[in-house]
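Beneath this line is the structure, given in structure tokens, with notes to follow.
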Amino acid sequence: MPNAALQQPAGDNPHVTLITPSSPMATPTHGGRAKCLQRLVRLDLPVPRTVALSFDTVHEIAGGALPDIANVIAQFDEGALLCVRPSSEDPDWGGPGAILNIGMNDARYVDLSERIGREFAAVLYLRFVQAYAVHVARLDPDTFDEIEDMGPGGLSAALAAYEEEAEEPFPQDPVEQLSAVLTCMARAWEGTTARLLRQAKGAPMDAGLGLVVQEMALGIGAGECGSGVLQLVDPDTGLRQITGRYLSQSQGREALEMDFASLFLTRDPRGPSLEDQAPEAFKALIENAELMRQRLREEMQIEFTIENGALHILDGIRVPRSSRAAVRIAVRLAEDGIISHEEALLRIEPRAISELLHRQIAPGAHRDVIGSGVAASPGAATGKIVFSSAEAQASAARGEHCVLIRRETSPEDIRGMHAAVAVVTERGGITSHAAVIGRGLGLPCVVGAANMKFDLRKRKITTADGRSFAHGEEITVDGTSGQVLAGAALTVEAALDDAFQTLMGWADKARDIAIRANVDTPADAATAQNFKAEGIGLCRTEHMFFEADRLTPMREMIFADGSEDRMAALAVLLPMQRADFTALFSIMEGLPVCIRLFDPPLHEFLPSDRAGLRDLAEALDLPISDVTERVEALGEYNPMLGMRGVRLGITVPEIYDMQARAIFEATLDASRAGAPPVVPEIMLPLVSAKREVEILRTRIDAVASAVKAERGRDFTYRLGVMVETPRACLRADDIAQHAQFLSFGTNDLTQMAYGLSRDDAGRFMSDYVQQEVFLEDPFHILDIEGVGELVAIGAERGRQGRPDVLLSICGEHGGDPDSIAFCRAVGMNHVSCSPFRVPIARLAAAQLAIRETIGSQ
Ligand code: PEP
Ligand code: MG
């Protein structure tokens, strides 16, 4: 019998306490396992007696100050065997392994032999000797290599080996045994390796460890004995299905290790099952699992032992789960009325949603990593290496999957990117061309993979360890982790199932900031619609000019001698642009579409190599020297800070005139025959002065009036400004007087605020982040302190200039949960991000609104 006097009333000693329904116990002081065991005790489940030691006590034990261990042992039945298990605040932070069968000694061996037989008693004793020797006395595991017999013979040999190696007999006193086990587990937690490991998983420096001392239910002995784990869902899919393992004559988590020998849980034609073997215990197990689901409001994995047909529940942990299963589990719990919709939404990590939208490397699949870089666009794909866009297109035409490898991509590579299944670049960062386009297309992409050597002439890449991969060889790109792998890795499909759609529906009801998508093509627009974006927040029109049939008139336009020639070339492009916009408006069915006028420097459209120059000379019927000279003349030292954006609009106004006309004509075309009316939004890039907007507004108004007069129909449109230079933020009040909306382009704004080229940042960003110069890549996670201050100033001054001005963000940060929190806080009306990030943004925005409501209650 346990010593009744020691069953202290709750509150007496919260640091060493028997777990009862009312003992003082909390996850931050005793760890998650102890707290969960108390919940199970409160549910009156068959949990063996357990004593919990608090974080403070365990810390003292590590320093050599033990509590009264005899008193701990006195809490249990006389002669009971005990086990000690870790109880950290978050189970993911790990902890030392459990030690079982503490208290086993020669005397108990004799007693137990009578009760369950000598063979079984010997197994228990032998296991304890081995675990104690290796983990507590720190003897070499080889000490027991020779021992194969798990019965009494093996036990004698193990005790003898222990004595010889440790130079003392195996300790017989349970107090000494338990003291040593507790000390070694407490010290293991405080060791540097363990601390670094858990810090890597997000644990704070001073994370504490609790320990639980539990009476053993013997999974070894007469009758049906064994141990296992069971859960009511499949951890990969989240579908309702009893899964787990049970192994007769086993202890702890052996059933998980000895897969081959385990029994089925439910009745199964393929072999014996727990349900057959111990029907009563099985029934109780399922009932208890259902009860735990209901009352702990979570899908739990039960760790259980069956001792001579009787069920004991040793522990419950949250079922480990894939992202896909997490969504289904949360939705099912809410649909069953166990948790609210809001709680279901809060249980899903928004960034994990991205795993559902793309094919991924299968969990646990073998990874032969040959290089790595910035994880620029998530998802995984396998294909043969190609080194040019032309090869990529040829490969796609043959029906072969290919991975496009480039030093960096430029707009000329767009068609190659469309043809490839993944892209890897040597240079670049999270907002470089390949990254932005990759995310838009949902194409796995790794950029800045500088740890591989790119030899484009010899058409091979060489890895840091000297392996070479040539053109045509198969590799796999994992854009989620930023790794490049040799060969074809095992992958799993995207999972946009009904549970995902339901969760997203709940998110839309909860959130209070609109989410739009950055879309360049009709195909992107369809993806955006599919992910329920509420409009297009940014259409980068320059991407439309790279189609083969457009590049030549575009180049003719660039080479034109005067306004008339330029307009003639633009007249060829006008119907194409009109068709582009009509398609976008039609797909978006009346939702807002924001079109940004032409942004990049013109020379990006010109060829850079000799063959390209020759082709262009031929097409323009000019000597190659003229063409070369002209191309050189258009070159700039700093093109990203040169003749681009609105500066082109002012100096070469015909381009914007053509685009405005195409937008207005498409507005009328798409609004025909009962289709929802379109109110286009036109956005001017790279503005830094009010006068730029004033001049262009006058021109665009004139185009609108001309189209209205020609067509005899009316329409409205909104003109806005992309705020992406620091000066535009500072002068937002007077700029807003001419702009109905301001959209913050945080890619360029970050580049200019830091004076850091977005295309070159990848070279040193990982060093900077590793050395904590920057806590995060500012092109990835908005730098709230610096760039954010510029945005906040811009938003505030913009509203001063025009109180009803619409505010938004369209840089890559629009899809990042932390950045969305900031945008919401400064009062933006919407965020706009790549189509594949729209669901992440919808969920993140919902969580922010829910947390705010909870906080204000
Ligand atoms: C930006 O600069 O934030 C932006 C959205 O435009 P782009 O990436 O096309 O320069
Ligand atoms: Mg920009």
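The values are calculated or read from the model by the stated rules, or taken from the named source; none is laboratory data. Predicted, not measured: the structure shown is a model, and the values here were computed from it. FYI the Cβ positions are ideal-geometry reconstructions off the backbone, even for glycines, and counts take in every protein chain you see. Note: areas computed on protein heavy atoms with side chains; ligands, DNA, RNA excluded. Shrake-Rupley method; radii C 1.70, N 1.55, O 1.52, S 1.80 Å.
The figures follow:
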| item | result |
| --- | --- |
| Exclusive hit being modelled with pLDDT of 95 or more and either open to solvent by less than 10 Å² (accessible area, probe 1.4 Å) or more than 39 Å from the chain's Cα centre (by Cα) (or both), set GLY635, GLY649, GLY674 | GLY649 |
| Unmet requirement for GLY645, which otherwise passes all of (1) within 15 Å of ligand 1 (Cβ to nearest atom); (2) at negative phi | (2) |
| Qualifying position, being within 36 Å of the chain's Cα centre (by Cα) and touching a residue at least 12 places away in the same chain (Cβ under 8 Å), among ALA289, ALA310, ALA284, ALA278 | ALA289 |
| Scan of the stretch 384-405 for residues that are under 21 Å from ALA450 (Cα atoms) and either out of contact with any Gly (no Cβ under 8 Å at 6 or more places or on another chain) or of a type in the set (A, V, I, L, M, F, W, C) (or both), ordered by number | ILE385, VAL386, PHE387, CYS402, VAL403, LEU404, ILE405 |
| Odd one out for GLY154 among (1) in contact with a helix residue (DSSP H, G or I) (Cβ under 7 Å, 6 or more places away or on another chain); (2) assigned to a helix (DSSP H, G or I); (3) free of Cβ contacts under 8 Å to residues at least 60 places away in the same chain; (4) open to solvent by 40 Å² or more (accessible area, probe 1.4 Å) | (4) |
| Qualifying residue in the stretch 474-485 (condition: at negative phi, open to solvent by 60 Å² or more (accessible area, probe 1.4 Å), in a loop (DSSP other than H, G, I, E, B) and in contact (Cβ under 8 Å) with a residue 12 or more places away in the chain) | no |
| Within the stretch 677-697, considering residues that are open to solvent by less than 40 Å² (accessible area, probe 1.4 Å) and within 18 Å of THR582 (Cα to Cα), the one nearest to ligand 2 (Cβ to nearest atom) | MET683 |
| Test: residue in the stretch 273-293 that is crowded, with 21+ Cβ neighbours inside 10 Å, of a type in the set (Lys, Arg), modelled with pLDDT under 95 and part of a helix (DSSP H, G or I) | no |
| Test: ALA548 is in contact with a helix residue (DSSP H, G or I) (Cβ under 8 Å, 6 or more places away or on another chain) and open to solvent by less than 10 Å² (accessible area, probe 1.4 Å) | no |
| Set GLU589, GLU542: member being within 21 Å of LEU696 (Cα to Cα), within 34 Å of the chain's Cα centre (by Cα) and open to solvent by 10 Å² or more (accessible area, probe 1.4 Å) | GLU542 |
| ARG614 being more than 16 Å from ligand 1 (Cβ to nearest atom), in a helix (DSSP H, G or I), of a type in the set (Lys, Arg) and modelled with pLDDT of 90 or more | yes |
| Residue that is nearest to ALA330 (Cα to Cα) [pool: residues in the stretch 499-525 that are small (Gly, Ala, Ser) and touching a helix residue (DSSP H, G or I) at 6+ places or on another chain (Cβ under 6 Å)] | ALA499 |
| Pairs with Cβ under 8 Å, 6+ apart, first in the stretch 373-395 and modelled with pLDDT of 95 or more, second surrounded by fewer than 24 Cβ atoms within 10 Å (Cβ to Cβ) and among the aromatic types (Phe, Trp, Tyr) | ILE385/PHE469 |
| Failed condition for VAL447, given (1) touching a Gly at 6+ places or on another chain (Cβ under 9 Å); (2) open to solvent by 20 Å² or more (accessible area, probe 1.4 Å) | (2) |
| Any chance LEU616 is of a type outside the set (Gly, Ala, Ser), touching a residue at least 12 places away in the same chain (Cβ under 8 Å), within 30 Å of ALA689 (Cα to Cα) and not assigned by TED's automatic domain parsing to the domain that holds GLN529 | no |
| Matching residues, the stretch 718-735, being surrounded by fewer than 19 Cβ atoms within 10 Å (Cβ to Cβ) and outside any helix (DSSP H, G or I) | ARG718 |
| Those residues of the stretch 668-686 which are within 16 Å of ligand 1 (Cβ to nearest atom) and either out of contact with any Leu (no Cβ under 9 Å at 6 or more places or on another chain) or more than 30 Å from GLU589 (Cβ to Cβ) (or both), in sequence order | LEU686 |
| Qualifying residues in the stretch 784-818 (those that are assigned to a helix (DSSP H, G or I), among the charged types (D, E, K, R) and more than 31 Å from the chain's Cα centre (by Cα)) - the one nearest to ligand 2 (Cβ to nearest atom) | ARG797 |
| The listed residue being closer than 28 Å to ILE595 by Cβ and either within 14 Å of ligand 1 (Cβ to nearest atom) or surrounded by fewer than 24 Cβ atoms within 10 Å (Cβ to Cβ) (or both), out of ARG851, ARG842, ARG824 | ARG824 |
| Lone unmet requirement of (1) in a helix (DSSP H, G or I); (2) under 19 Å from GLY801 (Cβ atoms); (3) within 16 Å of ligand 2 (Cβ to nearest atom) for GLN751 | (2) |
| Residues of the stretch 754-765 satisfying the condition of being more than 10 Å from ligand 2 (Cβ to nearest atom) and either within 25 Å of the chain's Cα centre (by Cα) or not aliphatic (A, V, I, L, M) (or both) | TYR754, GLY755, SER757, ASP759, ASP760, ALA761, GLY762, ARG763, PHE764, MET765 |
| Matching option when the condition is open to solvent by 10 Å² or more (accessible area, probe 1.4 Å), out of contact with any strand residue (DSSP E or B) (no Cβ under 6 Å at 6 or more places or on another chain), outside the structural domain of ASP759 (by TED's automatic domain parsing) and part of a strand (DSSP E or B), among ALA396, ALA381, ALA375 | ALA375 |
| Evaluation of GLY466 against (1) surrounded by fewer than 21 Cβ atoms within 10 Å (Cβ to Cβ); (2) at negative phi (one fails), failing number | (2) |
| Residue within the stretch 56-72 that is within 36 Å of the chain's Cα centre (by Cα), over 21 Å from ALA310 (Cβ atoms), crowded, with 23+ Cβ neighbours inside 10 Å and among the hydrophobic types (A, V, I, L, M, F, W, C) present | yes |
| Failed item, numbered, when LYS532 is tested on (1) in the same structural domain as LEU684 (by TED's automatic domain parsing); (2) open to solvent by less than 10 Å² (accessible area, probe 1.4 Å) | (2) |
| Among (1) of a type in the set (Ser, Thr, Tyr); (2) within 15 Å of ligand 2 (Cβ to nearest atom); (3) open to solvent by 60 Å² or more (accessible area, probe 1.4 Å); (4) at pLDDT below 95, the one test that TYR768 misses | (2) |
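Table: residues versus (1) modelled with pLDDT under 85; (2) part of a strand (DSSP E or B).
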position: ARG195; (1), (2): no, no
position: LEU211; (1), (2): no, yes
position: ALA217; (1), (2): no, no
position: ALA222; (1), (2): yes, no
position: TYR246; (1), (2): no, yes
position: SER250; (1), (2): no, no
